[in-house]
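What follows is a single structure, written as structure tokens, with notes after it.
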Amino acid sequence: MARVTRADLHGQGRAGLARPGSARGAALRQFVQNCPGPSWETVISFARHPPRRRPCPSEDVMSNTASSAGDKAGKAHWNQVWSNRSLPKPVDPHARGFRQYVRQAFHREFVRAFEGMDTKGQRLLEIGCGRSAWLPYLAREFGFQVSGLDYTEIGCAQERDILASAGIPGEIVCADLFEPPERFVGAFDAVVSLGVVEHFEDTAGCLRACARYLRPGGRIVTEIPNMRGLVGWVAKVTDRPTYDVHVPLDREALVKAHRDAGLHVLRSDYILPLDVSLFGVGSIGSRWLRLPAVGAASAVAELVWALDARGLAPRPNAVTSPYIFCVAEKS
């Protein structure tokens with residue numbers, strides 16, 4: 001059985017980060033210009049798949065879970081989002097290019113999250129799996145037997161297609177997070193949620209529901225946007241509808257919610273120093289304002305990536321970091 005160790009982290013750090021250049025800057029400028037609306041989810045969109053068409057893939061990480069219990073987004077919204085969208089390619093953390101900046105950071109976090117855990121042949125569930133490019137990755141990189149749960153029919157159908165195209169076996173179930181299929185209760189060694197729990201007014205209650213899928217000793221990996229930091233400040237001004245479907249949480253609040261859910265927290269960290277692609281400058285109405293904003297965003301992005309590749313960027317922090325990870329176990 002495969003065991004993830006600290007040695008697996010070597011070679012996956014800053015040295016593996018592609019150095020930004022002018023061509024990448026031009027690609028970023030085109031990407032930002034093509035985004036019709038600002039949203040923090042644009043950042044994870046880099047992780048899930050590169051943009052191929054004019055609609056901005058910003059919503060692609062916004063996971064789709066329960067249709068009840070204080071869901072601030074709602075099923076109808078996500079069914080609309082997933083309609084008429086091309087499928088993302090599975091995540092390959094070893095590929096190069098500026099779009100790998102976020103993917104490689106997430107990969108390092110997953111390696112740390114499963115450190116010391118025998119993962120090969122173990123069962124993993126992604127909650128809010130609609131259109132996820134991460135399930136094939138988790139199967140290939142760690143040897144998990146993967147399953148997914150989502151409450152949108154379209155998202156589930158698309159996830160089945162993603163797994164099939166990747167040649168990865170897996171069961172995708174369309175169900176409410178808070179009303180799990182009986183065979184899923186206590187059946188998994190690991191549960192992953194990317195951008196899910198922050199959409200529910202009762203964060204601890206949502207995590208408590210997620211924990212029901214775990215076996216005793218099972219591990220849960222939770223990721224949310226840092227809406228209490230720069231991401232949220234910008235969204236509140238430039239994209240209020242997106243901000244309003246989130247419950248702003250910082251790392252301390254996320255850790256507390258896990259503990260209130262009866263989980264034992266192993267680690268929690270802010271991820272990445274900064275990523276300006278989430279600022280949605282391509283949505284600025286005036287062309288005279290939009291073009292300088294896009295140029296400035298591209299320059300800042302290239303600078304941050306270059307500094308990060310050399311270990312010179314600011315450390316991840318509560319103010320500028322776009323993501324928060326938390327890893328916990330069920331006792």
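The values are calculated or read from the model by the stated rules, or taken from the named source; none is laboratory data. Every value quoted in this text rests on a predicted model; they were computed, and no experiment measured them. Ideal geometry is used to build each Cβ from the backbone, glycine not excepted, and the neighbour counts take in all protein chains shown.
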By residue number, the members of region 230-253 that are at pLDDT 90 or above, outside any helix (DSSP H, G or I) and over 16 Å from Pro322 (Cβ atoms) are Val247
Among all residue pairs at least 6 apart or on different chains, which show Cβ distances below 6 Å where the first residue, located in region 269-280, is within 23 Å of Arg112 (Cβ to Cβ) and the second is assigned to a strand (DSSP E or B) and at pLDDT 75 or above? Asp269/Phe325; Tyr270/Ile324; Ile271/Tyr323; Ile271/Phe325
Within region 209-238, track down each residue that is without any contact (Cβ under 8 Å) to a residue 60 or more places away in the chain and closer than 30 Å to Ala187 by Cβ. Arg212
Tally, over region 182-229, of residues that are under 19 Å from the mean Cα position of the chain (by Cα), in a loop (DSSP other than H, G, I, E, B) and over 17 Å from Arg251 (Cα atoms): 0
Between a first residue in region 100-111 that is on the phi > 0 side of the Ramachandran plot and a second residue that is surrounded by fewer than 23 Cβ atoms within 10 Å (Cβ to Cβ), which pairs have beta carbons less than 9 Å apart while being 6 or more apart in sequence or on different chains? none
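Matching residues to (1) polar (S, T, N, Q); (2) out of contact with any Ser or Thr (no Cβ under 6 Å at 6 or more places or on another chain):
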position	(1), (2)
Arg215	no, yes
Thr222	yes, no
Leu230	no, no
Glu252	no, yes
Lys256	no, yes
Gly262	no, yes
Asp269	no, yes
Checked region 166-181 for anything among the hydrophobic types (A, V, I, L, M, F, W, C), in contact with a Pro (Cβ under 9 Å, 6 or more places away or on another chain) and assigned to a strand (DSSP E or B); matches are Val173
Which listed residue, of Gly311, Gly282, is at pLDDT below 90, within 23 Å of the chain's Cα centre (by Cα) and not in a strand (DSSP E or B): Gly282
Residue hits (region 146-177; small (Gly, Ala, Ser) and over 17 Å from Leu125 (Cβ atoms)) are Ala157, Ala164, Ser165, Ala166, Gly167
Close pairs (7 angstrom Cβ cut-off, 6 or more residues apart or separate chains): at positive phi in region 134-157, among the hydrophobic types (A, V, I, L, M, F, W, C) and assigned to a loop (DSSP other than H, G, I, E, B) anywhere: Gly143/Ala2
